[in-house]
Amino acid sequence: MSKEQQLWQKITKILKTKIPENDFNTWFSNAALSSYQDNKVNIQVPNKFISIWLHEKYLTEIKASFKLILKETPEIHFLYPPILDPINPVESQYFIAQQGFKKPLLNPSMTFDRFLTDSGNHFAFSTAKEVTQHIKDQTNQYNPFYIYSASGLGKTHLLNAIGWEINHNYPDLKVNYFSADSFKQSFGFYLKNKVQLPEFRAEIYKSDLLLLDDIHLLANQKRLQGEFLSLFNSLFGAKKQIIVTGDRPPSALRELDVKIKSRLGWGLLNEIKAPEQKLKIKIIKNQAKQKNLVLPEDVIFYLAHTHDNLKGLIKHVDKLETFFSLKNEPINISNIKFLTGDSSRKGFDDIKRIISNYYNISIKDINSNSKKRIYSYPRQISMYLTRKYLNLSFNKIGFLFGDKDHSTVVYAIQKIEKMKTDNKKIREDLKKLSSLLN
């Protein structure tokens with residue numbers, strides 16, 4: 001592995017803790033670090049559209065992640081193939097098509113062999129595998145196939161697993177995967193660029209397998225629902241497989257076109273139910289093993305009791321791996337409670353909210369690295385109050401304030417301690433803020 005690949009692996013590990021999984025898979029899965037030299041970073045992406053999107057939406061997170069590893073903020077550049085140059089729009093490729101129908105935007109960790117089962121999800125798992133075995137069957141009784149459950153129970157994993165299985169067993173078939181967000185973003189982009197819209201539609205309509213995740217997020221999106229309904233009718237009429245997930249049965253999807261709800265009910269409906277305790281423990285252990293993270297049994301047991309959202313459990317383990325690899329802190333119940341949202345974390349959120357309102361600045365400004373006094377002073381007050389009321393370690397406080405250094409936190413607290421002795425305004429601020437917190 002090259003030094004660029006090693007660095008990018010560290011950066012993406014941090015980004016995964018800050019960006020929702022579906023968004024990360026959509027925008028970062030085909031990005032790569034091509035070079036880092038003289039504090040300049042070049043990130044290779046498939047096309048101009050993704051370049052613009054990353055720059056506008058995620059540049060702050062990307063810079064912060066690099067600073068955490070490199071201890072300095074580099075200059076970020078996004079590179080994409082010349083064929084995507086807007087000077088030659090006829091040659092432009094679509095951001096979904098560019099990333100490939102034969103090689104779709106699927107999460108490589110979400111395969112059938114990594115999907116752990118219990119009584120709550122076994123039927124959905126078995127049916128999903130059955131669907132892949134009958135993908136070329138013109139009389140497929142599982143079309144459309146609709147999976148529903150509460151958030152974080154494995155719908156997205158199964159959808160990706162189906163896509164990977166079809167890709168592996170039937171490389172001649174065109175697989176097209178969309179999260180609801182990428183469906184909105186891709187169609188939104190081409191609806192604005194009407195010249196390319198017919199060609200984009202033509203490519204989508206060639207799909208042998210359509211995978212759409214979280215259709216409930218298309219509620220109140222009449223234009224997009226119209227696009228999906230037209231796509232559904234075309235693919236279903238051509239006996240192409242359609243698989244959709246949602247958070248409720250089709251009939252309960254409010255603000256969704258009645259024709260879409262009706263069509264989703266034509267095939268097979270499968271519900272994934274809340275996981276059993278044994279499955280949650282198994283998933284935590286499995287994720288920890290992948291991260292080379294040794295978790296005490298009491299920590300595993302505690303995590304398993306936090307909630308039923310399996311995606312949340314995995315994110316907790318990822319967060320632990322990131323935190324404990326960067327900070328010299330023991331893995332124990334106290335630290336786990338802090339990281340997973342216990343009363344200390346809630347108390348910290350209260351502190352930042354009160355500081356934000358009191359000084360009329362945003363929480364983003366409090367977490368920023370700006371040295372302007374209008375931001376740095378409230379930030380230092382926040383750190384001081386966090387230490388006073390929550391008695392957290394300097395490392396933890398730094399982690400909560402946008403991964404600030406231990407020394408930055410110590411300096412801030414000592415500065416406020418010293419200034420409150422001589423500065424009446426600071427004493428008044430602290431008194432008022434303490435009253436609000438109490």
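The single residue among Gln133, Gln141, Gln93, Gln98 that is modelled with pLDDT under 90, in contact with a strand residue (DSSP E or B) (Cβ under 8 Å, 6 or more places away or on another chain) and more than 30 Å from Asn369 (Cα to Cα) turns out to be Gln141.
Within the stretch 418-437, restricting attention to residues that are loosely packed, with under 13 Cβ neighbours inside 10 Å and among the acidic types (Asp, Glu), which residue is nearest to Ser356 (Cα to Cα)? Among them, the one singled out is Glu428. Of the residues in the stretch 186-203, none is under 22 Å from Val131 (Cβ atoms), of a type outside the set (Asp, Glu) and modelled with pLDDT under 90. None of Ser356, Ser435 is over 28 Å from Ile62 (Cα atoms) and assigned to a helix (DSSP H, G or I) except Ser435. Of the helices (runs of 4 or more DSSP H) lying entirely inside the stretch 1-71, the ones with 2 or more residues being among the hydrophobic types (A, V, I, L, M, F, W, C) and surrounded by fewer than 16 Cβ atoms within 10 Å (Cβ to Cβ) are found at 48-70. Is it fair to say Leu392 is modelled with pLDDT under 85, outside any helix (DSSP H, G or I) and over 22 Å from Glu72 (Cα atoms)? Taking the combined requirement at face value, the residue satisfies it.
Given the criterion within 26 Å of the chain's Cα centre (by Cα), at pLDDT below 85 and within 27 Å of Phe125 (Cα to Cα), identify the matching residue among Phe338, Phe301, Phe324. First the steps, then the outcome.
Numbers: Phe338 fails: within 27 Å of Phe125 (Cα to Cα); Phe324 fails: within 27 Å of Phe125 (Cα to Cα).
Just one listed residue meets the conditions, Phe301.
Taking the conditions exactly as written (among the basic types (Lys, Arg) and either closer than 26 Å to His122 by Cα or at pLDDT 85 or above (or both)), does Lys319 satisfy them or not? Can you show your working first?
Numbers: among the basic types (Lys, Arg): yes; either closer than 26 Å to His122 by Cα or at pLDDT 85 or above (or both): no.
When the stated conditions are applied, Lys319 does not pass them.
Taking residues in the stretch 7-30 that are over 18 Å from Leu158 (Cα atoms), and partners anywhere that are in a helix (DSSP H, G or I) and among the acidic types (Asp, Glu), the pairs with Cβ atoms closer than 7 Å and at least 6 places apart or on different chains are Leu15/Glu61; Lys16/Asp318; Thr17/Asp318; Lys18/Glu61; Ile19/Glu61.
Is it the case that some residue within the stretch 238-247 is modelled with pLDDT of 90 or more and more than 17 Å from Ile135 (Cα to Cα)? Looking through the stretch 238-247, at least one residue is modelled with pLDDT of 90 or more and more than 17 Å from Ile135 (Cα to Cα). In summary, Ser109 fulfils each of the numbered conditions (1) touching a residue at least 24 places away in the same chain (Cβ under 8 Å); (2) under 20 Å from the mean Cα position of the chain (by Cα) with the single exception of condition (1).
Under 20 Å from His216 (Cβ atoms) and either crowded, with 20+ Cβ neighbours inside 10 Å or of a type in the set (Phe, Trp, Tyr) (or both): is that true of Ala128 in this structure? Lay out the reasoning, then the answer.
Numbers: under 20 Å from His216 (Cβ atoms): yes; either crowded, with 20+ Cβ neighbours inside 10 Å or of a type in the set (Phe, Trp, Tyr) (or both): yes.
Judged against the criteria, Ala128 is a match.
Which of the residues that make up the stretch 137-157 are within 19 Å of the chain's Cα centre (by Cα) and under 15 Å from Leu268 (Cα atoms)? Answer for the stretch 137-157, where residues must be within 19 Å of the chain's Cα centre (by Cα) and under 15 Å from Leu268 (Cα atoms): Ser149, Lys155.
Which of the helices (runs of 4 or more DSSP H) found entirely inside the stretch 132-228 contain at least 3 residues meeting this: in the same structural domain as Thr117 (by TED's automatic domain parsing) and buried (at least 21 other Cβ atoms within 10 Å of the Cβ)?
Values: elements: 155-169, 180-192, 197-204.
Result: 155-169, 180-192.
The values are calculated or read from the model by the stated rules, or taken from the named source; none is laboratory data. On a predicted model such as this, the values are computed, not experimentally measured, just so you know. Because the Cβ atoms are built from the backbone with ideal geometry, glycine has one as well, and the counts that use them run over all protein chains shown.
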